[in-house]
1. Suppose a student asked you for the relative contact order of chain A, using Cα pairs under 8 Å spaced at least 6 residues apart; what percent would you report?
2. Leaving ligands, DNA and RNA out of it, report the carbon-plus-sulfur percent of the accessible area of the stretch B:24-83 at a 1.4 Å probe.
3. I'd like the interface area for chains B and A: accessible area of each alone minus the complex, both sides summed, 1.4 Å probe, protein heavy atoms only. What is it in Å² to the nearest 100?
4. If you count, for every residue in A:147-157, the Cβ atoms of partner chains within 10 Å of its Cβ, what is the mean?
5. Let me check against my output: what whole-number percent is the relative contact order of the stretch B:652-744, with C-alpha pairs under 8 Å and at least 6 apart?
6. Using the Karplus equation 6.51 cos²θ - 1.76 cosθ + 1.60 (θ = phi - 60°), what ³J(HN,Hα) coupling, rounded to whole Hz, does each residue of the stretch A:161-176 give in order, writing x for Gly and Pro?
7. In whole Hz, what ³J(HN,Hα) sequence does the stretch A:229-235 give by Karplus (6.51, -1.76, 1.60; θ = phi - 60°), x for Gly and Pro?
8. Hey, with R₀ at 45 Å, roughly what FRET efficiency would B:W703 and B:A741 work out to, going by the Cβ-Cβ distance, to 0.05?
Amino acid sequence: MMASSYTAKEEDGHITVSGPGALRSRKPENTAFKQQRLPAWQPILTAGTVLPAFFIIGLLFIPIGIGLFVTSNNIKEFEIDYTGVDASSPCYNCSQSFSWNSSRPCTCSIPFYLEQPYESNVYVYYGLSNFYQNHRRYVKSRDDSQLNGDPKSLMEPSKECEPYAFHENKPIAPCGAIANSMFNDTLELFYNDPNGTKVQILLNTTGIAWWTDKHVKFGNPGGNSPNLTAAFQGTTKPINWRRPVFDLDADEANNGFINEDFIVWMRTAALPTFRKLYRIINKKSGMVPTLPRGNYSLEVVYNYPVRSFEGRKRMILSTISWMGGKNPFLGIAYITVGSVCFFLGVVLLLIHHKCGNRNNNADISN
Amino acid sequence: VLIPISLYVSIEVVKLGQIYFIHNDLDLYNQQLDSRIQCRALNITEDLGQIQYLFSDKTGTLTENKMVFRRCSIYGVEYPHEENARRLEVYEADRSEEGSGRSVTLQSGRSRSLSCRHSSVSLHTLTAEEEEEELTNHSQPSTRAFCSRVAKEVLPDPELVRKLNWFLSPALALSDGSSGAPSSLELTYITDFFLALAICNSVVVSSASQPRHVVREEQTSLKSLEEIKTMFQRLSFSPFSALSILSPPQIKASPHSLAHRMFARGKTGSLDFPPSSNSTTDESESSLEGTLETSSLRPKPDLSSRVMEGNSGQTAGREVKDDVIDSKTDGARQDAEDLTLEEDCKSEADEELLYEAESPDEAALVYAAQAYCCTLRGRSAESLTVDLPGIGSLSVPLLHILPFDSDRKKMSVVVRHPLTGQVVVYTKGADSAIMDLTGAPKGADEAQEIYRHIREQTQNHLDSYAREGLRTLCIAKKVLEEEELEISLTLLGSTGIVDRLQEEVPETIEALQKAGIKVWILTGDKKETAVNIAYACKLLGPNDQLLTASCESKDACAALLLELQLEVDRSGVPAAGNPGKCRSDGGAGFILKSQVVRLVRDQLAVMTLAVGDGANDVSMIQVADVGIGISGQEGMQAVMSSDFAISRFKHLRKLLLVHGHWCYARLANMILYFIYKNVMFVNLLFWYQFFCGFSGSVMTNAWVLILFNLLFTSVPPLLCGVLDQHTAAHTLMQLPQLYSASKVSVPHMFWVTVLDAFYQSLVCFFVPYCAFAGSSVSVLSFGSPINASALLIILLHQVIESPTLTWIHALVWLLSAASYFGFVLLFESGDVTLCSGGFAGGNNDDGGGPAEGGR
């Protein structure tokens, strides 16, 4: 039956002509890459690799977490909501009787008590909640070249700024919804000395914006011309503003587009609840704390309406550390993950020790 | 964000990379043909990994398509050609000893001849010829495809040689009368048989020095005077002794002397009776002098065999050499005798003739005829030049050729017989086509009796050939008296041609079946041949139940096939069972092949692969999901229409089991990884929508968003799709079962991947979110650490998912991460006026660490 089942090896076993000078052989090169024989590492998860990994992660993450957590806890932070939602709130009246074009500013004063002295530099923030500065159309509604001082864009703002590009046939400077909605409350801090005097705390208005923003990205039209009023000739202020842009600050270096409050506002926040740096209270010389323990009052010129979108306004006092502001999350997260890893490591080690003896060698030897 | 397009592009690129590696595989390279695998379709690599049904052509695909004359049956007498078989086997053994070391040098060729000298005399000629051919092959490599050495060398059957020698030297018959002197009718049959073998074809003759010359010289049967003179001179100058015959090595050493002797003997016969092609029409004229060639060559369908027998018995004692008679008693000498005949032919053919035939069968038959000294010397439009033993060159006027076609399954030539002048039709064809047409000859009852016996015997032989897996052909002839063609032919005999299986075919088929692929062989062969081949290539095992279905029409066949298939499927017969075998019957041929493939593909909704080498496989190759052409003997049509072109059937094993598996797994994993990557990244943006009032804003710079898929994470999936090896190649080769196991549950894996991506993007987004909650972070400063950590996690994910990591992976990851950070830093610093981007590095450790730790 199988008589003819012999198979043929290569019948013609001759060498193909492959000598030098002969026609090039089409034989594939016998290289590790082309023959797919590259030395490869196969990540096989065994007890020998997984257990140390768990322990290392655990032992690494727990100290980091503790460090972060401690750092975060050492940061002193004080937050006060001055929106005036409750009728008992001092700013209730201001929040109720608001209108953008009100000529008479509404002021309110909120007393608060700092239980701990703030030793180092204290950063004063204003915080807004439920304010979607990251909304797509809002984020786009600006003209960066106008803000950079380009005279052409000053007079012809980008279409992105619509409907805040022109007002009464005059170009708006700065144009766009972001600028138009700039935070315009004025916050002032007073220290109520135990002896009864009320000392205003000096708030630095500069040094709150990014250096690149202030010096590269933002610039006034007309370069270093001292006369901003002339530079902004022919433009009009944003609709909601009370003062034109060249009248934001008396200091020429902090006026116009390079006004730091303005720059900070223009850097749109990523999340609907955010804070923005408002002022800096510099550390005093000597051993005197920047903000000693005691009674303070926050005087607000209440201009910024948030009740229409159920927003909140806050004033925040905070020191900072190398990791930024107060946020215990990272520390907790690291500690949690590290602990879980360590715990799993222990559990797996026990399991491995108890049940894994049969193929101990195979596992560990890897 | 660019998912469909980038995925599409990535898949194309990955397939290109896969093709590159397939193309460069050393195992798919054929040293002999110097051919690699040709990947003609660039985008169906993954189909190679999901083949369920494999349809294979037989001839040229499973087999070498190098036909070797194996045995024949003439006049109802079988000539088993044992020497031939042994030679093939010894040769085979030799070849397998060589193993895979294919660099057969001249030196190894010699050592082989030394080692095998004892086994068979024939090997001398084999090796000698081999060396010789090695030399010629360097100059003319192109001819090798058509005339393989084995095909060329047919060792004559001693019995048949003896009978042929009969009329060369009638004295031999006298001395050996008891062992069955052939009747003259039988001799007629034999001579006609070989003449038919030599001329009933469309073979083109060429020689090494004169390629494809049509007719070398116009020779008539009449010798010129000069030639006769030279005959005499040779005869007188050739000294020979018995010793030279007795020892084979000496034969090899002095072939010329032998050749001269044999040659001379033949010539003297013809000299004594100057053959005149038309004179000897009556058998009575054939004299006592035993010029049997004249009489035996004459076709005498209605000849009284008795007369011939008597005639042959009366061969006269004109003896040439006595020592030859002695040599008849010894087996070894018999071998030597064979050799003499062979050498005779060789030396007569002063240059080696090369035959180029349309089909290898024809060439094999011509070479077989040549072995019996019926040498086809040349061909022109009007005539054929044939050397006949003992006669020399004859010019056979060619009247008409009815070429072979697959419907008639036979071909015929009409010639005027050179000796008798009769118009004779020689027909060669499939047994089914010929046997029906061979009617009983008119004439005496006795002759009819003999003829019926011949038919029965031949039919028996045919059946036994088929059981051995030989390709059978029948040879018949008819003397034409009026216009009647190809009917009531006289059956001369039949041939069995062996077409050896290619190397490693059984192993390959076995592996493919283990891999869960149902292998069908579509062939037009006789059922016995088909079954035998199926056993030979391990398609059928000894325990398999053989169901046979036969049907008349195409439609009925289709229905039957389907029914059979469904039944087999339902009854759960393992893959090695019956459906492994299918016989495409009847003349429909290639159309039917494609219909079978289409039927299975459509009705069973399976992935099919068709492999074939000839023009008749083209339709099948085109219909199947994956068409594989074997670049072999039968031209380029199959290759041109195929998706992949390989040179040996055994290459299928690695192509499917390793490359198919890899490509499939790679592509699947690549797509999963790609989806993971996109889901993971896009979901980051999705989570952000909860914090931007679903306004569609993004916390990422638009350029980073675009380049994230395009640049930063574009290469890792490609790596995954091109380089990953889920299982090592040798494991896949050894365990074909893994082939079917590779089919991953796609919906399940898909959803797992998507959920994983969701989870990772959740972690990746909300860890930074919680870290930044309530702070003064700006939009892009918030996005940067998220992007950075997402990128690192995506890369880290591949470290975990990827089964093999090489330095290329490491490099790509390094470059991916570096490109991101580099781009962000450069872009933000260079174009800070336009983009209020934040710092890039930021908090990515915070994001990445817990995220991965949480996994």
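The values are calculated or read from the model by the stated rules, or taken from the named source; none is laboratory data. Here the structure is a predicted model, which is why all the values come from computation and not from measurement. In this analysis, Cβ positions are derived from the backbone assuming ideal geometry, glycine residues included, and neighbour counts consider all displayed protein chains. Heads up: the accessible areas ignore ligands, DNA and RNA and are worked out on the full protein's heavy atoms, side chains in. Shrake-Rupley method; radii C 1.70, N 1.55, O 1.52, S 1.80 Å.
1. Answer for chain A is 34 percent.
2. 39 percent
3. Rounded to the nearest hundred, the buried surface is 7000 Å².
4. Across the residues of A:147-157, the mean count of other-chain Cβ atoms within 10 Å is 0.
5. Over the stretch B:652-744, the number comes to 53 percent.
6. Result, rounded to whole Hz: 6, 3, x, 10, 9, 10, 9, 6, 6, 10, x, 8, 10, x, 7, x.
7. Calculated HN-Hα couplings, in order: 4, 5, 4, 8, 4, x, 10 Hz.
8. Efficiency, from the Cβ-Cβ distance: 0.50.
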